[in-house]
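A quick write-up on the structure given underneath.
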Amino acid sequence: MSRRSLTLLKNLARNSNASSSCLLQTRSVTYMPRPGDGSPRAVTLIPGDGIGPLVTDAVEQVMEAMHAPIYFEKYDVHGEMSRVPAEVMESIRKNKVCLKGGLKTPVGGGVSSLNVQLRKELDLFASLVNCFNLPGLPTRHENVDIVVIRENTEGEYAGLEHEVVPGVVESLKVITKFCSERIAKYAFEYAYLNNRKKVTAVHKANIMKLADGLFLESCREVAKKYPGITYNEIIVDNCCMQLVAKPEQFDVMVTPNLYGNLVANTAAGIAGGTGVMPGGNVGADHAVFEQGASAGNVGKDKIVRENKANPVALLLSSAMMLRHLQFPSFADRLETAVKRVISDGKCRTKDLGGQSTTQEVVDAVIANLE
């Protein structure tokens with residue numbers, strides 16, 4: 001074979017490889033379904049109070065526009081109820097997945113939180129809130145991408161309170177090794193599966209030496225099983241200061257119940273506000289998805305009257321739900337559309353510096369779906 005022929009063959013092979021490479025780049029396998037995975041799934045929907053009906057309606061519209069393979073079983077539940085109705089609990093247990101708006105919790109008095117009831121009865125032991133910078137949304141800090149994983153069933157939220165004598169109330173904080181190990185394992189497993197590099201345990205063991213000491217001891221034991229992930233600890237008051245000063249140092253944070261609520265809302269405020277932070281509560285069998293950081297949003301009647309509630313947080317939470325249901329391509333489409341609307345900057349609600357209504361944001365998201 002002549003030298004010229006060899007050169008031609010090499011060029012042909014090179015061009016063929018390049019063409020194959022181009023073809024491969026235009027197609028990707030994001031998910032290999034098992035038989036039956038494409039069947040529509042029932043999801044329990046609780047619109048809730050305040051802005052809840054507005055933002056859950058936004059999710060319904062977007063899901064319909066995407067032809068997402070889910071359908072909702074809607075129930076009317078309100079925060080002033082003494083308990084979550086039995087038929088709602090039955091629906092969640094059957095469907096295993098729920099999407100909910102905020103439920104108003106009365107301050108003081110003898111009415112317990114329905115949010116806490118749901119978490120306890122369904123054993124939703126892990127709360128996950130993802131606080132991150134959205135491209136195009138200006139914030140004081142950049143490179144923020146924090147996942148707050150919070151123990152959801154005990155601690156100060158155990159609900160064990162009683163009046164010892166008139167004027168003296170005793171409130172018990174319960175920390176168990178079982179629940180502490182369980183949430184630590186969840187946090188490290190999340191970090192491992194999502195290619196996260198560091199887990200930080202938040203505590204107050206310098207004062208609460210036994211309770212928070214047990215939580216830390218459990219985290220340390222679990223950390224030994226994940227040598228590829230950096231583990232460190234931080235006292236909760238220093239944690240809050242570090243969050244507002246240098247939030248980019250945090251990756252995954254694992255916390256007892258009350259601290260997680262404070263840390264997640266602080267991180268949300270740093271990364272763009274409660275209106276854009278998704279979240280979910282998960283257990284071994286069930287999951288409830290809701291706005292990740294809800295500080296003060298439920299009771300803002302003016303926002304409801306003006307129809308200017310920000311639906312972004314619940315839309316992103318519903319994308320988390322779609323991924324949980326093993327519909328990743330629909331989740332990707334929804335997240336991409338929301339991020340395009342935020343980046344474009346033309347359609348934003350008041351909390352993000354704009355004057356758009358909820359419906360205008362929904363219309364913009366639908367217009368950006370591919």
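Using Cα atoms only, what is the angle between the long axis of helix 328-344 and the major principal axis of the chain, expressed in degrees (0 to 90) to the nearest 10?
It works out to around 80 degrees.
Among Met241, Val116, Val168, whose Cα lies farthest out toward the positive end of the dipole of the chain, if unit charges sit on the beta carbon of Lys, Arg (+1) and Asp, Glu (-1)?
Met241
Please report the carbon-and-sulfur percent of the accessible area for the stretch 177-322; probe 1.4 Å, protein heavy atoms only, DNA, RNA and ligands left out. Don't skip to the end; give the middle numbers.
Numbers: 3310 of 5890 Å².
With neighbouring chains kept in place, the figure for the stretch 177-322 is 56 percent.
Hey, can you rank 361-368, 256-263 by average C-beta count inside 10 Å, highest first? Show your work: numbers first, answer last.
Details: 361-368: 19.8, 256-263: 23.5.
Per-residue Cβ counts within 10 Å, averaged per peptide and sorted highest first, yield 256-263, 361-368.
Going by average Cβ density within 10 Å per residue, which order do the peptides 61-74, 332-345 take, highest to lowest? Walk me through the numbers before you get to the answer.
Numbers: 61-74: 16.9, 332-345: 18.7.
Most protected by this proxy first, the peptides run 332-345, 61-74.
Just need the relative contact order of the stretch 200-348 here, percent rounded to a whole number, with Cα pairs under 8 Å and 6+ apart. All intermediate terms of the calculation are to be shown ahead of the outcome.
Values: 159 pairs, mean separation 25.7, N = 149.
The normalised contact order for the stretch 200-348 reaches 17 percent.
What is the distance in Å between the Cα centroid of the stretch 208-263 and that of the stretch 280-344?
26
I'd like the antiparallel share, as a percent to the nearest 5, of DSSP beta bridges with both residues in the chain. Present the calculation step by step, with values, prior to reporting the outcome.
Values: 22 of 46 bridges.
Looking only at bridges with both residues in the chain, the antiparallel portion is about 50 percent.
What size of dipole, in debye to the nearest 20, comes out for the stretch 140-271 about its Cα centre when the only charges are +1 on Lys and Arg C-beta atoms and -1 on Asp and Glu C-beta atoms? Intermediate values should be presented prior to the final figure.
Values: 15 positive and 17 negative charges, 104 e Å.
Roughly 500 debye for the stretch 140-271.
Compare the peptides 302-314, 202-214 by average per-residue count of other Cβ atoms within 10 angstrom and give them in order, highest first.
Descending packing order for the listed peptides: 302-314, 202-214.
Most mobile of Val165, Val288, Val84 per a Gaussian network model of the chain (Cα springs, under 10 Å)?
Val165
Roll a 1.4 Å probe over the protein chains and send me the accessible area per residue for the chain in Å².
Ligands and nucleic acids excluded, the figure is 50 Å² per residue.
Give the residues of the stretch 216-250 whose amide nitrogen is closer than 11 Å to a point set 7 Å from the Cα of Lys177 in the direction of its Cβ.
218
What value, in deg cm²/dmol to 500, does the helix sum -39500 (n - 2.57) over DSSP H runs of n ≥ 4 give at 222 nm once divided by the residues of the chain?
On the way: 12 runs with 158 residues, N = 370.
Computed ellipticity for the chain at 222 nm equals -13500 deg cm²/dmol.
Any idea what the relative contact order of the stretch 140-271 is, in percent, if you count C-alpha pairs under 8 Å spaced at least 6 apart? Don't skip to the end; give the middle numbers.
Numbers: 220 pairs, mean separation 51.5, N = 132.
Reported relative contact order: 39 percent.
Please determine, in degrees from 0 to 90 and to the nearest 10, the orientation of helix 236-245 with respect to the longest principal axis defined by the Cα atoms of the chain, where the helix direction is its Cα long axis.
That helix lies at roughly 40 degrees to the long axis.
Return the carbon/sulfur percentage of the accessible area of the stretch 48-149, one whole number, probe 1.4 Å, all protein chains in place. Walk me through the numbers before you get to the answer.
Details: 2360 of 4620 Å².
Answer for the stretch 48-149: carbon and sulfur cover 51 percent of the accessible area.
Might you report the magnitude of the Cβ-based charge dipole of the stretch 210-272 about its Cα centre, with Lys and Arg at +1 and Asp and Glu at -1, to the nearest 20 debye?
Numbers: 4 positive and 7 negative charges, 28 e Å.
Once rounded to the nearest 20, the dipole reads 140 debye.
How large is the accessible surface of Asp351 in square angstrom, using a 1.4 angstrom probe and rounding to the nearest 10?
90
Tilt of helix 257-271 relative to the longest C-alpha principal axis of the chain, in degrees (0 to 90, nearest 10)?
50
Extension gain Val244-Thr105, at 0.36 nm per residue separation less the Cα-Cα distance, in nm? Spell out each step's value before the answer.
Working: separation 139, 0.36 × 139 = 50.04 nm, distance 2.76 nm.
Here the segment from Val244 to Thr105 would lengthen by 47.3 nm.
At a Förster distance of 35 Å, what's the computed FRET efficiency of Asn143 paired with Lys350, Cβ-Cβ distance as r, to 0.05?
On the way: r = 26 Å, r/R0 = 0.75.
That gives a FRET efficiency of 0.85.
Taking the Cα-to-Cβ direction at Val169 and at Leu369 and moving 7 Å from each Cα, how far apart do the two end points lie in nm?
Label-label distance for Val169 and Leu369, simple model: 4.6 nm.
Placing unit charges on C-beta atoms (Lys and Arg positive, Asp and Glu negative, everything else neutral), compute the dipole magnitude of the chain about its Cα centre in debye, rounded to 20.
1800
The values are calculated or read from the model by the stated rules, or taken from the named source; none is laboratory data. Since the model is a prediction, treat every value here as computed from it, not as a measurement. Using ideal geometry, Cβ is built from the backbone for each residue, glycine included, and neighbour counts are taken over all protein chains shown. The accessibility values were calculated without ligands, DNA or RNA, using every heavy atom of the protein model including side chains. Shrake-Rupley method; radii C 1.70, N 1.55, O 1.52, S 1.80 Å.
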